[in-house]
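Coordinate-derived values only; no laboratory data. These numbers come from a predicted model, not from an experiment. So basically every Cβ, Gly included, is an ideal-geometry build from the backbone, and we count neighbours across all protein chains shown.
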């Protein structure tokens with residue numbers, strides 16, 4: 001060998017540094033984590049301390065269990081916890097069951113491939129708008145009852161049955177199921193691509209297994225670990241949802257999360273201690289439910305193993321038909337409910353006179369829109385700029401993190417994924433109260449910075465999830481080719497990587513925008529009541545009587561994210577209208 | 001060729017000294033000593049999976065961080081390995097043409113064209129000239145996805161040449177072309193490499209490539225790891 005053999009160790013990282021000196025992506029991952037974890041950590045602490053009596057601003061200067069005693073003395077607490085559990089666990093179980101039944105039964109159908117297109121717009125619809133639409137649909141005076149009256153039911157007046165706001169939270173569970181189903185389905189579709197489902201199915205089918213059994217026995221065990229975190233997030237969200245619970249849930253007592261928010265806004269400031277204790281109880285509830293779910297996972301896995309080893313083929317012709325129907329009908333019903341609810345919102349916003357039990361309004365008008373134009377414009381503008389700001393900041397941070405992966409050649413492990421999911425696994429009220437205390441301390445409360453930051457906590461994880469796969473899947477040789485043509489790392493990023501990823505980036509931005517538009521509690525807490533968004537207005541109006549006004553706000557709330565998704569699809573299509581490689585779907 | 005020293009190499013030559021690769025501390029290929037004078041096409045032969053492409057990545061400065069490179073490389077007497085990839089001015093052609101799918105043919109060429117050519121008119125003229133040389137007059141606005149395999153290969157070559165490289169690296173650029181095309185593209189690329197007097201390093205597993213290169217052939221020897229595929 002040559003005498004001057006020098007051992008060198010070179011990845012792209014070190015030459016990149018030599019090239020331009022400073023690499024802006026270097027601090028981004030740490031910055032992102034800090035922006036993320038600091039408020040959540042401080043927020044949890046700021047909720048935990050008052051829960052044990054410590055809140056000097058309100059005279060709480062001794063630690064003790066007094067808030068908990070006060071909490072336990074609250075009327076209806078047990079019922080509230082029960083409502084949360086029924087609606088939260090029930091909705092998550094139902095949505096998961098629907099996903100499994102649909103994938104197992106229908107994975108060979110055309111519907112399976114087409115549903116994806118239908119899901120994105122449904123996913124975009126904010127929770128509050130979806131809840132309001134559902135209420136318009138299933139209420140005693142709703143569209144369904146009108147469709148059946150009086151010819152089938154004989155009702156000339158709305159019957160006195162609680163189909164919404166029922167004491168057990170079943171309507172809330174239904175609403176949550178309809179809302180979470182598209183999310184879980186999309187996450188499952190994403191996971192299916194990663195586990196080579198087609199190969200597994202081919203093998204199992206060749207061994208004589210029926211299609212549904214093959215899916216359940218060979219694909220589900222591989223897919224489940226990939227959708228575990230989204231499932232936990234769904235569970236946490238469903239257990240602690242506030243906006244949907246105000247619209248669809250019972251009122252006396254409401255679910256625990258709504259009760260806690262009520263205490264926070266009680267004019268009697270001493271109730272804040274009760275609220276803090278309630279928020280901690282909510283956190284405990286979520287942790288317990290996730291633990292319970294995890295135990296259920298083990299149990300199901302053990303039973304599943306036995307079932308697998310027993311070798312039943314489930315290959316009967318009739319079985320496949322039944323499985324197909326069992327997968328198709330409930331999922332289409334749930335998706336249809338969501339879509340019909342939106343239609344009901346649109347109808348109400350344009351209705352002028354609409355007598356019961358007429359199926360359609362007898363007089364139409366744009367008057368509701370005209371009368372609300374002022375308030376709508378204000379709330380719409382606030383919603384718009386907060387969502388644009390939060391989505392833009394999130395996109396910048398996410399691109400920075402993903403580009404850092406590319407330049408450093410290292411990918412974060414599974415721990416990072418849990419951190420990413422943290423804001424989605426914790427109930428919002430468990431740390432938003434503390435965040436507000438912190439914001440007051442820093443003089444940020446009620447300011448735009450606190451508002452956008454708070455939205456960012458929830459926008460960022462979704463933007464990351466929406467973009468990461470596409471970013472990591474981009475052929476790294478394009479970047480290498482560009483470097484060898486004399487382009488520095490920044491030029492590669494701006495001229496090659498980002499333009500090539502325009503479609504997923506636009507989609508991720510739309511996801512971030514939609515998530516921000518849907519936020520209720522963060523706007524309420526961080527805005528300190530000074531910012532009215534379409535969401536806070538719609539939820540506030542839900543308690544009132546005028547359906548037409550409510551419909552106008554709910555429709556506008558649903559419209560903004562839909563427009564964002566439309567734009568996200570149109571922009572890359574237009575930009576690359578002359579590029580054949582970009583014409584295929586994402 | 002072993003033990004070549006800087007003083008003995010012809011001007012503008014590509015000199016490799018003890019160039020090798022390691023993965024997780026284990027040596028992938030035996031260190032390589034080689035001098036490629038301008039206008040000569042040297043061939044590195046070896047089965048696929050031996051790390052030939054990674055060796056070229058190492059030369060370019062775009063080696064996957066999982067690997068570790070060793071040795072030295074000089075071009076025209078200048079140490080290459082201390083430079084960031086974009087300053088090494090090595091032209092490389094890969095198995096796939098890697099034309100940027102979001103850019104037109106002219107934009108792809110413009111991305112490669114050296115910034116030393118200034119002014120829109122001058123740059124446009126230089127690109128038109130290159131297209132004419134490639135037998136692709138008037139292809140400026142075309143979508144790369146609409147080109148044939150041979151046309152794409154030619155655009156990729158000229159994108160690389162317009163960057164005014166000081167050496168050319170060929171990473172099996174003919175292996176994906178069908179048999180009839182392979183020979184034509186190979187002759188086209190070799191002719192341009194020789195005319196421009198570029199020291200050229202070709203890695204391939206196809207003996208026909210090595211014969212056509214008419215230069216020295218180095219068999220890459222595997223060491224340490226079991227190879228498959």
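Sort A:243, A:469, A:324 so the one with the fewest other Cβ atoms within 10 Å of its own Cβ comes first.
A:469, A:324, A:243
To the nearest whole number, what is the average tally of beta carbon atoms from other chains within 10 Å of the beta carbons of peptide A:471-482?
5
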Inset, instruction - Could you work out which residue, out of B:91, B:49, B:18, moves most in a Gaussian network model of chain B, that is, has the largest mean-square fluctuation with Cα springs under 10 Å? - result: B:49
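Under the Kirkwood approximation applied to all pairs of distinct alpha-carbon atoms, what is the hydrodynamic radius of region A:79-365 in Å? Before the final figure, lay out each step's value.
Details: mean 1/r = 0.0481 Å⁻¹.
Its Kirkwood hydrodynamic radius stands at 20.8 Å.
Mind ordering B:21-31, A:296-306 by average Cβ neighbours within 10 Å, highest first?
Numbers: B:21-31: 16.2, A:296-306: 11.2.
Ranked by mean Cβ neighbours within 10 Å, highest first: B:21-31, A:296-306.
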Legend entry - Pairwise label distance in nanometres, residue A:377 with residue A:321, each label 7 Å out on the Cα-Cβ vector: 6.1 nm
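Please arrange A:555, A:531 by counting, for each residue, the other beta carbons lying within 10 Å of its beta carbon, fewest first.
Taking fewest neighbouring Cβ atoms as first place, the list is A:531, A:555.
Of all beta bridges DSSP finds with both residues in the protein assembly as shown, what is the antiparallel percent, to the nearest 5? Display every interim value, and only then the final one.
On the way: 23 of 39 bridges.
Around 60 percent antiparallel, to the nearest 5.
Two-decimal Rg/Rh of chain B from alpha-carbon positions, Kirkwood Rh? Please list the in-between numbers first.
Numbers: Rg = 17.7 Å, Rh = 18.2 Å.
With Rg and the Kirkwood Rh in hand, the quotient comes to 0.97.
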Legend entry - Peptide B:26-35, shielding by other chains (average Cβ, 10 Å cutoff): 1
Inset, instruction - Please arrange A:307, A:494 by counting, for each residue, the other beta carbons lying within 10 Å of its beta carbon, fewest first. - result: A:494, A:307
Inset, instruction - Express the relative contact order of chain A as a whole percentage, based on alpha carbon pairs under 8 Å and six or more residues apart in sequence. - result: 23 percent
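Given the rule -39500 (n - 2.57) for each run of at least 4 DSSP H residues, summed and divided by the residues of chain B, what is its mean residue ellipticity at 222 nm, to the nearest 500 deg cm²/dmol?
Numbers: 7 runs with 73 residues, N = 229.
One gets -9500 deg cm²/dmol as the mean residue ellipticity at 222 nm.
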Legend entry - Cα long-axis angle, helix B:179-195 against chain B (0 to 90 degrees, to the nearest 10): 90 degrees
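In deg cm²/dmol and to the nearest 500, what is the mean residue ellipticity at 222 nm of chain A if only DSSP H runs of at least 4 residues count, each as -39500 (n - 2.57), divided by the residue total? Walk me through the numbers before you get to the answer.
On the way: 24 runs with 415 residues, N = 586.
Mean residue ellipticity at 222 nm (helix-derived): -24000 deg cm²/dmol.
Give the dimensionless ratio obtained when the Cα radius of gyration of chain A is divided by 2.2 N^0.38 Å. Numbers along the way, then the final one.
On the way: Rg = 25.7 Å, N = 586, 2.2 N^0.38 = 24.8 Å.
Compared with the compact-globule rule of thumb, chain A sits at 1.04.
What's the FRET efficiency of residue A:449 with residue B:107 using the Cβ-Cβ distance as r and R₀ = 41 Å, to the nearest 0.05? Walk me through the numbers on the way to the answer.
Working: r = 40 Å, r/R0 = 0.98.
Calculated transfer efficiency: 0.50.
Give the calculated FRET efficiency between residue A:251 and residue A:498 to the nearest 0.05, with a Förster radius of 41 Å applied to their Cβ-Cβ distance. Don't skip to the answer; put the middle values down first.
Numbers: r = 49 Å, r/R0 = 1.20.
Step by step, r from the Cβ atoms, then E = 0.25.
Taking each residue of B:76-87 in turn, how many C-beta atoms of other protein chains fall within 10 Å of its C-beta, and what is the average?
On the way: counts 0, 0, 0, 0, 0, 4, 5, 3, 11, 15, 14, 6.
Other-chain Cβ atoms within 10 Å of each residue's Cβ, averaged: 5.
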